[in-house]
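> Before I ask anything, let me first share the structure, which is written out below as structure tokens.
The values are calculated or read from the model by the stated rules, or taken from the named source; none is laboratory data. Values in this document were obtained by computation on a predicted structure and should not be read as measured data. Glycine gets a Cβ as well: all are built from the backbone with ideal geometry, and neighbour counts include every protein chain shown. Each accessible area value is taken on the protein alone, full model and side chains, heavy atoms only, with ligands, DNA and RNA left out. Shrake-Rupley method; radii C 1.70, N 1.55, O 1.52, S 1.80 Å.
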Amino acid sequence: MNQSSELTDIDVVICTYRSRGDVAAALRSCAASGIPESQITIVDNGSDDGTADLVEEQFPSVRLLRLKRNLGFAAANNLAAKDLGGESLLLLNPDAVLVDDAIEVMLRALADDPHRGAISPRIDRPDGSLDAACRRTFPSPLIAFWRLAGLSRLRPASTRFGAYNLTHLPVDQETEIDSGSGACLLIRRRVWDQLGGFDTGYFMYGEDLDLCWRIHQLGFTVWYEPSARVVHRKGQSSRQDALPMLVAFHRSMWRFYRIHYLRGGNALWSPLVALAILLRLGWLLLLNAVRRSPTVSP
């Protein structure tokens with residue numbers, strides 16, 4: 001593939017943690033997209049499985065940051081992106097693979113409208129099903145209730161009950177959304193800099209929702225571009241530390257609610273929201289106790 005001028009102005013950041021089995025495929029997909037290794041940064045969160053060694057040996061031109069301990073997804077990405085100078089920043093998970101010309105499609109979508117602060121591609125699971133996190137509505141107390149109560153699964157075609165993951169819309173419909181997923185998100189660099197990157201109060205999970213919330217507060221939009229495709233083997237790192245990741249996930253849920261919704265009339269919901277989060281955590285802890293392969297999601 002001939003490298004387009006846009007590809008010279010993009011930086012890729014991949015945050016790894018015990019990702020030795022996945023990260024090579026992610027890096028090869030970047031190379032197949034025309035992105036040189038010199039524009040890719042791997043920030044390794046203190047992996048003990050040889051992830052950083054593999055990157056150093058097989059991809060010597062990739063910028064590699066070895067952290068001595070796990071700083072969390074948000075803080076590690078902020079550190080990696082700090083000194084990069086491209087006009088756009090692609091955040092990519094180590095278990096995500098870019099398909100065909102996904103990068104160029106996302107870059108064109110970003111260039112098409114100066115009010116777009118970020119582009120979220122269509123993210124599929126290996127079995128072809130949609131990773132629903134790639135197009136989301138912000139979880140207001142009511143929307144979160146529909147989801148936690150299971151009504152979003154029972155009535156996915158409902159504009160009310162399916163609002164969180166926009167399951168009432170066709171998968172291939174491009175649209176403005178509230179939030180994409182940190183598994184693969186293209187961000188306008190000046191927007192990232194204005195926001196100061198992720199809120200490092202989120203150790204893992206929720207930081208992408210919070211970032212997109214603040215993108216909208218700046219007056220920019222987030223765009224779902226389904227013609228750009230990514231395949232995501234979701235949860236490969238978190239399964240290795242399922243218990244602390246479960247706690248981190250639910251702590252992030254509460255943090256997002258507390259920062260963005262704990263005011264006015266929404267404050268009246270806070271006891272119910274806190275109870276729902278605790279009940280969900282307890283239920284998943286029970287499920288994982290009998291599962292062969294613990295997960296963070298049901």
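> Determine the dipole magnitude for the chain: charges of +1 sit on the beta-carbon of Lys and Arg, -1 on that of Asp and Glu, nothing else is charged, the reference point is the Cα centre, and the result goes in debye to the nearest 20. Don't skip to the answer; put the middle values down first.
On the way: 33 positive and 33 negative charges, 304 e Å.
About 1460 debye.
> Under 5 Å between amide H atoms, partner at least 5 residues away or on a different chain: which partners does SER47 have, H built in plane at 1.01 Å?
Residues meeting the criterion, in which the H sits 1.01 Å from N, are ARG18.
> How tilted is helix 23-32 with respect to the longest principal axis of the chain? Cα atoms for both, answer in degrees (0 to 90, nearest 10).
Between helix and principal axis, roughly 60 degrees.
> Something else now. Averaged per residue, what accessible surface does region 127-194 expose to a 1.4 Å probe, in Å²? Walk me through the numbers before you get to the answer.
On the way: 3210 Å² over 68 residues.
Dividing the accessible area of region 127-194 by its residue count gives 47 Å².
> Would you kindly derive the ³J(HN,Hα) couplings of region 179-191 from the backbone phi angles with the Karplus curve 6.51 cos²θ - 1.76 cosθ + 1.60 (θ = phi - 60°), listing them in order in whole Hz, with x for Gly and Pro?
These are the phi-based 3J(HN,Hα) values: 8, x, 10, x, 5, 7, 8, 9, 10, 5, 4, 5, 5 Hz.
> For all pairs of alpha-carbon atoms in the chain, what percent lies in each bin of width 10 Å, listed from the first bin to the last filled one?
Bin by bin from 0 Å, the calculated values are 6, 28, 38, 22, 6, 0.
> Something else: Rank by packing, highest mean first: peptides 159-166, 178-185, with packing defined as the count of other Cβ atoms within 10 Å averaged across residues.
On the way: 159-166: 18.9, 178-185: 24.9.
Those peptides, ordered most packed to least, come out 178-185, 159-166.
> Could you work out how far the C-alpha centroid of region 10-73 sits from that of region 155-217, in angstrom?
Here the two parts' Cα centres lie 24 Å apart.
> Projected onto the charge dipole of the chain (+1 at Lys/Arg Cβ, -1 at Asp/Glu Cβ, origin at the Cα centre), which of ASN70, TRP283, ILE177 gives the Cα projection farthest towards the positive end?
Projecting each Cα onto the dipole axis, the largest value belongs to TRP283.
> When ligands, DNA and RNA are left out and all protein chains stay put, how many square angstrom of accessible area per residue does region 19-64 have with a 1.4 Å probe? Show your work: numbers first, answer last.
Numbers: 1800 Å² over 46 residues.
Result: 39 Å² of accessible area for each residue.
> What FRET efficiency, computed as 1/(1 + (r/R0)^6) with R0 = 25 Å and r the Cβ-Cβ distance, is obtained for LEU142 and GLN173, rounded to the nearest 0.05?
Numbers: r = 24 Å, r/R0 = 0.95.
For LEU142 and GLN173, the calculated efficiency is 0.60.
> How do 52-60, 19-27 rank on mean C-beta neighbours within 10 Å, highest first?
Details: 52-60: 16.4, 19-27: 20.3.
Most protected by this proxy first, the peptides run 19-27, 52-60.
> Decide, for region 140-289, between rounded, prolate and oblate: order the square roots of the alpha carbon gyration tensor eigenvalues as a ≥ b ≥ c, take rounded if a/c falls under 1.5, and otherwise choose prolate if a/b is larger than b/c, else oblate. Display every interim value, and only then the final one.
Details: a/c = 1.26, a/b = 1.23, b/c = 1.03.
Cα axes put region 140-289 in the rounded bin.
> Among 279-290, 211-222, what's the highest-first ranking by average C-beta atoms within 10 angstrom per residue? Could you put the intermediate results ahead of the total?
Numbers: 279-290: 12.9, 211-222: 18.2.
With the highest mean Cβ count within 10 Å placed first, the list reads 211-222, 279-290.
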